[in-house]
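Derivation of every value follows stated rules applied to the coordinates shown; laboratory data play no part. Bear in mind that the values here come from a model prediction, so they are computed numbers and not experimental data. For neighbour counting, all protein chains shown are included, and Cβ atoms are generated from backbone atoms with ideal geometry for every residue, glycine included.
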Amino acid sequence: MKDLKRWLVWLMCCSFLFLSGCDFRDIDLRLFVVSIGIDVSKENPGMNRFSFKIAIPSGDPKTGDKKSLLITQEATSIAEAIREVKSKVDKELDFGHCKGVMYGEAYARENIGKIQDWTVRRRDMQLLMYPGVAVPTAEAVLKAEPPTERIAGNAIFLALSEEGTESPFITKTYSFDLTRRMMEEGEDPVMPVVETTDEQVLNINKVALMDKNKVKVILNQEETRLYNLLDLRNLSTNFGTKVEGQLLEVNTDRTRARYKIITDKTGEETIDYKIRITAILEEKEDPEQLDPKDLRKVEEQFSKEISQSVKKLLEKIQKTGLDPLGFGLRYGGTHWNNQTEMEEWRAMYPHIKFNVAVRLRIKSTGYKR
């Protein structure tokens, strides 16, 4: 037994000779890349323009003293761009704090698959990053420094993650989910659209619908609100209408959208949506208090208008051939012939009919008694 222990100790000691040390660099020898932008190169066809926004550590962020550096590099691949950028800085680039990838609109309308695949493969990139479509270019969006930004490059991601703001026009998307949708059959990817203005303000109020590789359609602000109403539960937003010439605005408290795919009759398939909304009457031009009868009329008016708008949006998406809400995935998950079900769905989707029933209930008129 003693000999066995002696041999084990000797073997462990010898194994230490084959261990290599770690190549560790202190934090003061690192530059943290917080976001990456990709644009199409205008000067060099066939090449892309990569932008790297680098946050420089500078003590307490509460002081408001933020330092950042934006480096751009044109190259045929992002791996080559990173190697060339390393020759322009004096410290090691660290991608462990990279929170997002901004695809310029021109690049996003071509093919983002190569870059998205790189972000998934690279070992130090987070799968919880926030991708987005940058308008007019990714470089312009990353250059923007809103006055409210305290940490370099953080304003975009506080908005996209909804940690700093909550908006019915922001469609939160994670990098891992974007990659999943790009490979998933029956559900197409989406990305929020980030626009910058001359006033250094970031405007995020649209959503881009994609096929498996590129952006095909960008919904406007109102369509984005309705898309999020269908995709999310308990969306906090407002809706407005006019009753007898008087403006009324409600603020939603609870929302829920459910649907069923009805395939009982061949050639007459439908998707039946039921949307339930609980709201509070927030704004009213007429100071007179509503009686129960008038309140029901207001609810019916809101329900009718929202129903028409949602149906119009669904038909618009249907014409593009895209399926961002995952109708095809639902159909495949509720049918059992794996060899033919997706072919059946692709043949069915272009002519399927939408029935939308909205029931909006106003639980409070805002009057105090």
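Remark: segment 91-240 carries a charge dipole of roughly 360 debye about the Cα centre, counting +1 on each Lys and Arg Cβ and -1 on each Asp and Glu Cβ.
Each residue, Lys5 and Lys363, gets one label point 7 Å from its Cα in the Cβ direction; the gap between the two is 7.0 nm. Taking every alpha-carbon pair under 8 Å whose residues sit at least 6 apart, segment 224-364 reaches a relative contact order of 30 percent. Between the Cα long axis of helix 221-231 and the first principal axis of the chain there is an angle of about 80°, rounded to the nearest 10.
Cross-link partners of Lys53 among lysines, defined as those whose alpha carbon lies under 20 angstrom from its own and excluding same-chain residues fewer than eight positions apart: Lys66, Lys67, Lys86, Lys88, Lys91, Lys99, Lys143. When peptides 213-219, 348-354 are ranked by their average number of other Cβ atoms within 10 Å per residue, the highest-first order is 213-219, 348-354. Taking every alpha-carbon pair under 8 Å whose residues sit at least 6 apart, segment 27-219 reaches a relative contact order of 20 percent. If you plug the beta carbon distance of Arg276 and Arg123 into 1/(1 + (r/R0)^6) with R0 = 56 Å, you get a FRET efficiency near 0.80. The computed Cα extents along the principal axes in Å for the structure shown corresponds, within (1) 62, 47, 38; (2) 68, 52, 42; (3) 89, 59, 57, to (3).
Going down the table (Lys265/Lys312; Lys206/Lys363; Lys172/Lys265; Lys284/Lys353), which pairs top 26 Å between alpha carbons? Over 26 Å Cα-Cα: Lys206/Lys363; Lys172/Lys265; Lys284/Lys353. For segment 80-97 and segment 32-54, what is the centre-to-centre distance using only Cα atoms, to the nearest Å? The two parts, judged by their Cα centres, are 13 Å apart.
Computed extension gain for Asn44 through Lys172, at 0.36 nm per residue and net of the alpha carbon distance, reaches 42.7 nm. Dipole check for the chain: with +1 at the C-beta of Lys and Arg, -1 at the C-beta of Asp and Glu, and the Cα centre as origin, the magnitude is about 1000 Debye. Farthest towards the positive end of the charge dipole of segment 224-364, among the residues Gln289, Ile352, Trp336, is the Cα of Trp336, using unit charges on the Cβ of Lys, Arg, Asp and Glu. For the chain, modelled as a GNM whose springs connect Cα atoms under 10 angstrom apart, the maximal fluctuation among Ser161, Ser68, Ser77 occurs at Ser77. In the chain, Cα pairs under 8 Å separated by at least six residues give a relative contact order of 12 percent. One Cα centroid belongs to segment 290-369, the other to segment 103-150; the line between them spans 31 Å.
For the residues Glu288, Glu162, Glu139, a GNM of the chain with alpha-carbon springs under 10 Å puts the largest fluctuation on Glu288.
Highest mean first, the peptides 329-340, 172-183 sorted by other C-beta atoms within 10 Å per residue fall in the order 172-183, 329-340.
For the residues Leu290, Leu314, Leu281, a GNM of the chain with alpha-carbon springs under 10 Å puts the largest fluctuation on Leu290. Summarising the strand pairing of segment 27-219, around 65 percent of its internal DSSP beta bridges are antiparallel. Under 16 Å from a label point set 7 Å out along the Cα-to-Cβ vector of Asn238, the amide N atoms of segment 280-312 belong to 280-286.
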